[in-house]
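Encoded as structure tokens, the structure appears first; notes follow it.
The values are calculated or read from the model by the stated rules, or taken from the named source; none is laboratory data. Keep in mind it's a predicted model, so treat the numbers as computed, not measured. Ideal geometry is used to build each Cβ from the backbone, glycine not excepted, and the neighbour counts take in all protein chains shown.
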């Protein structure tokens with residue numbers, strides 16, 4: 001089992017990328033679990049026809065511990081197991097602590113043994129990489145971290161901060177950087193700009209998703225482009241990216 005954290009600034013397209021990877025993996029027969037780690041709980045909606053599963057933190061607050069995993073998980077496109085962490089009470093809780101609570105609950109309930117995923121994707125908001133947001137990399141839940149970025153200044157700044165945070169844990173043998181995923185915004189010289197950044201940060205671009213209105217057209221229907229049009233050239237990019245993810249090696253020191 002390989003566990004991959006998908007990081008990036010808000011609005012950069014992390015959920016589009018993560019869901020496209022999940023759909024591509026599932027449609028090729030890989031068992032995949034996607035866990036949305038954003039208070040907006042919108043990571044998995046395009047794997048589920050537009051209806052997200054009950055957020056784990058809200059379920060705990062309203063009902064207590066789930067009786068079974070079916071209370072908080074749903075099957076989506078390609079058989080992907082979809083879950084959402086949700087968010088703490090506004091102005092009260094800590095989202096990082098909430099993430100850790102959700103991760104620990106899934107371990108206690110044996111989610112990984114029940115679903116036996118080959119790949120686990122954590123979709124994580126990371127405009128500011130505080131200790132809480134760094135939980136998946138810091139606590140060893142993720143084997144690899146992939147960063148979704150564009151060529152825009154603020155996206156690259158967020159990517160730099162994520163890489164810096166990750167490398168602060170390098171001596172503890174936690175998560176490793178898996179590379180950058182370029183989600184294009186159609187800027188001039190965008191790919192070269194991100195390639196230069198990747199070289200500076202001693203990493204690589206592992207996938208390029210073009211700016212494509214068909215992505216949004218299918219999302220309006222509650223699905224990924226991979227599910228809606230598997231033969232589309234943009235879907236091919238997701239299948240290639242999924243193949244790259246499968247080549248990652250899990251770290252023996254990771255949790256789960």
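Residue 199 fails exactly one of the following numbered conditions: (1) modelled with pLDDT of 95 or more; (2) at negative phi; (3) part of a strand (DSSP E or B). What is the number of that condition?
Unmet condition: (3).
Mind telling me which of the residues 33, 27 ends up being over 16 Å from the mean Cα position of the chain (by Cα) and under 25 Å from residue 239 (Cα atoms)?
Unique residue meeting the criteria: 27.
Output the residue which, of all residues in segment 78-95 that are in contact with a strand residue (DSSP E or B) (Cβ under 9 Å, 6 or more places away or on another chain) and not in a strand (DSSP E or B), is modelled with the lowest pLDDT.
If we take residues in segment 78-95 being in contact with a strand residue (DSSP E or B) (Cβ under 9 Å, 6 or more places away or on another chain) and not in a strand (DSSP E or B), then 95 is modelled with the lowest pLDDT.
Enumerate the pairs (first residue in segment 34-60 and in contact (Cβ under 8 Å) with a residue 12 or more places away in the chain and on the phi > 0 side of the Ramachandran plot; second residue anywhere and buried (at least 24 other Cβ atoms within 10 Å of the Cβ) and assigned to a strand (DSSP E or B)) with beta-carbon separation below 8 Å, excluding pairs fewer than 6 apart on the same chain, so at least 6 apart or on different chains.
Filtered contacts from segment 34-60: 41/84.
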